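Have a look at the structure below, then the notes.
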Amino acid sequence: MLKLIKGATVYAPEKLGVKDVLIAADKICAVEDHIELNGNVEVEVIDGTGKVLTPGFIDSHEHITGGGGEGGFKTRTPEATLSGLTRYGITTVVGCIGTDGIGRDMCALVAKAHALEEEGVSTYIYSGSYQVPVHTLTDSLMKDIMMIDKVIGVGEIAMSDHRSSQPTFEEMARIVSDIRVGGMLSGKAGIINIHLGDSERCMDLIERIVDETEIPITQFLPTHVNRNEMLFQKSIEYAKRGGYVDFTGNEDIDYWETICDEVRVCNGIKRMLDAGVDSGLMTISSDGQGSLPIFSKEGEYLGIGVGKASCLLKEVKECVERTNIPLEIAVKTITSNPADALKLANKGRIAVGKDADFVLLSEDLVIDTVIAKGQTMVVGGEPIVWGTFEEKK
Ligand code: FWO
Ligand code: ZN
C-alpha cells in the first residue's frame with residue numbers, strides 16, 4: 001500500500017528538482033529531498049533516478065463512448081479503452097458526446113465513465129452533446145450537474161459550425177447560467193465546453209455573453225481553438241481577456257497541415273505566450289475517439305479520421321523540442337491548467353494530499369511508468385493492467 005518514488009526530477013508542474021515522493025494508498029503523503037523508511041513497513045520503491053516525474057495527464061475532452069457518424073452509421077468511432085488512456089499517461093479523463101447526440105446518449109456516457117473508473121482511472125463527464133436544447137439525462141441541466149456525481153459541466157455544445165443547432169444568444173446564455181449555478185450549488189466547476197467550428201462567426205457568441213451578461217469569462221472552455229488560423233487569431237485576443245482556451249492535439253499534424261490551415265499546437269502556444277497570454281489559461285485535449293471529419297467548403301462530407309489520446313504527450317514534447325517552451329510550462333497544459341479550469345481540486349499537481357496520479361518519463365519524455373490512484377498501470381511503457389475485455393498485447 002506504500003510506494004516510494006526515489007530520486008526523480010519532479011515537475012509538480014513547477015520544477016521542484018530531485019525529490020522523493022511517498023504514496024499511501026491513493027494519496028500523495030510526502031514530497032521531500034530524501035525519504036527513508038525504517039524498514040518495519042512494506043514499501044515498493046520505484047527508482048526515479050535520471051527520470052522526470054509529472055502529475056498524471058488530464059484529458060479534458062474525450063469521446064469515451066465513441067463519437068463520429070458524420071459519414072453515416074458506418075463512421076461511428078470505437079469507444080475508449082483503459083490501456084488506450086494509461087499507455088499515454090492519461091489518468092483523468094472528461095468524457096463528452098459530440099455530433100451524434102442520439103446514437104450516443106447520457107446513460108451510456110455515465111456507464112462508460114463508471115466502467116473506466118472501476119478499471120482504475122479517474123473520470124468525469126459533460127452533460128449534453130453538440131445539440132441545443134441540451135440532451136440531458138434528467139429533466140434539466142441543473143439537475144444533471146447537481147444530482148449526477150460525474151457531471152462537472154455541459155458540452156461539447158457546438159457553435160460556428162454547419163453541424164451545430166445554430167444556437168441563439170438567448171439559448172446559450174440560459175445554458176451557461178444554468179450550468180454555472182448548478183455547479184455552484186454542487187461544488188463543481190459548472191464549466192461549458194464549447195465546440196468551435198470553422199465558420200467566421202468564431203467565438204462571437206461567447207464574447208457577446210461575456211460582454212452582455214454577468215457570466216464570468218472563466219465559465220467557458222472553448223475547444224478546437226487551433227483548428228484554423230482565423231479562429232486562432234481571435235482566440236489569442238480572447239485568452240488575453242482571461243479566458244481559458246483549449247487546443248485540440250493532433251497525432252498527424254504533418255498531414256493535416258497539408259489539407260487545412262490548422263495551427264500546430266506548439267506554434268500556437270508559443271504565439272500565445274509571446275502575445276502575453278497567461279500560461280495558466282491554455283489546455284490541450286485529445287478529442288480522443290472523436291471523429292475528425294473532412295468537409296468541402298460547401299459542407300460536403302469528404303472523409304473521416306479518429307482522434308487519438310496519444311497526442312497529448314506528443315504535443316507537450318513538441319512544445320519543448322520545437323518551440324523551446326520550458327517543460328514546466330508545457331506540462332501545465334495537461335495537468336494543473338485543466339485541473340484549475342475544471343475545479344478538480346485533487347488533480348493536476350504533485351503535492352501532499354493530492355491524488356496519487358503520476359507519469360514517470362525518460363528525460364526525452366518517453367513514458368516509463370504510469371500510476372493512477374496509487375495503482376501502477378504501466379511499466380516500461382507497457383500496460384500491466386488491462387480493461388475488462390481488452391486483449392493483453
Ligand atoms: C472535431 C468530435 C470536429 C464527434 O470538428 O467535434 O468534428 O462527434 O466525434 N471533432 N464531431 C475535429 C476537428 C477539431 C478536427 C469533434 C466529432
Ligand atoms: Zn468538437
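Starting from region 70-142, pick out the trypsin sites (Lys or Arg not before Pro) whose DSSP state is loop and whose Cβ has at most 16 other Cβ atoms within 10 Å.
none
Along its principal axes, what span do the Cα atoms of region 351-393 show, with the longest given first and each in whole Å?
Reported extents, whole Å, longest axis first: 35, 27, 9.
Average the reciprocal distances over every distinct pair of alpha-carbons in the chain, invert the result, and give the Kirkwood radius in Å.
Averaging 1/r across every pair of different Cα atoms and inverting gives 21.0 Å.
Test of the criteria: in region 312-393, which chymotrypsin sites (Phe, Trp or Tyr not before Pro) are in a DSSP loop and have at most 11 other Cβ atoms within 10 angstrom of their Cβ?
On the way: sites: Phe358, Trp386, Phe389; in loops: Trp386, Phe389.
Passing sites in region 312-393 are Phe389.
In whole angstrom, how far apart do the alpha carbon centroids of region 326-376 and region 60-121 sit?
Between the Cα centres of region 326-376 and region 60-121 lies a distance of 21 Å.
With only alpha-carbon pairs counted, each pair once and no self-pairs, how large is the Kirkwood hydrodynamic radius of region 250-393 in angstroms?
17.2 Å
For region 307-378, taking Cα atoms only, what is the radius of gyration to one decimal and the Dmax to the nearest whole Å?
For region 307-378, the Cα radius of gyration and maximum Cα-Cα distance read 12.7, 35 Å.
May I ask for log10 I(q)/I(0) of region 176-275 at q = 0.15, 0.21 Å⁻¹, from a Debye sum over the Cα atoms as equal point scatterers with solvent left out?
-0.63, -1.05
Select from His195, Thr335, Asn324 the residue farthest towards the positive end of the dipole of the chain; place +1 on Cβ of Lys and Arg, -1 on Cβ of Asp and Glu, and compute about the Cα centre.
Thr335
So if I restrict to the alpha-carbon atoms in region 207-328, what is the Rg, and what is Dmax, the biggest pairwise distance, in Å?
Cα-based Rg and Dmax for region 207-328 come out at 14.9, 43 Å.
With a cap of 13 neighbouring Cβ atoms within 10 Å, and only residues DSSP puts in a loop, list the GluC sites (Glu not before Pro) found in region 16-114.
Glu36, Glu42
How large are Rg and Dmax for region 22-143 when only the alpha carbon atoms are used, in Å?
Gyration radius and largest Cα-Cα distance of region 22-143: 19.4, 62 Å.
Please report Glu229, Glu300 as a ranked list, fewest other C-beta atoms within 10 angstrom at the top and most at the bottom. Numbers along the way, then the final one.
Details: Glu229 13, Glu300 8.
With the sparsest Cβ surroundings first, the list reads Glu300, Glu229.
Calculate the tail of P(r) for region 85-161: the fraction of all Cα-Cα distances greater than 13 Å, expressed in %.
64 percent
Given a Förster distance of 22 Å, report the FRET efficiency between Asp211 and Arg271 from their Cβ-Cβ distance, rounded to the nearest 0.05.
0.35
Would you calculate a helix-derived [θ] at 222 nm for the chain, using -39,500 (n - 2.57) for each DSSP H run of n ≥ 4 and dividing by the full residue count, to the nearest 500?
-7500 deg cm²/dmol
Going by average Cβ density within 10 Å per residue, which order do the peptides 213-220, 116-123, 176-183 take, highest to lowest?
176-183, 116-123, 213-220
Values in this text are rule-based calculations from the coordinates and carry no lab data. Here the structure is a predicted model, which is why all the values come from computation and not from measurement. All Cβ positions, glycine included, derive from the backbone under ideal geometry; neighbour counts span all protein chains shown.
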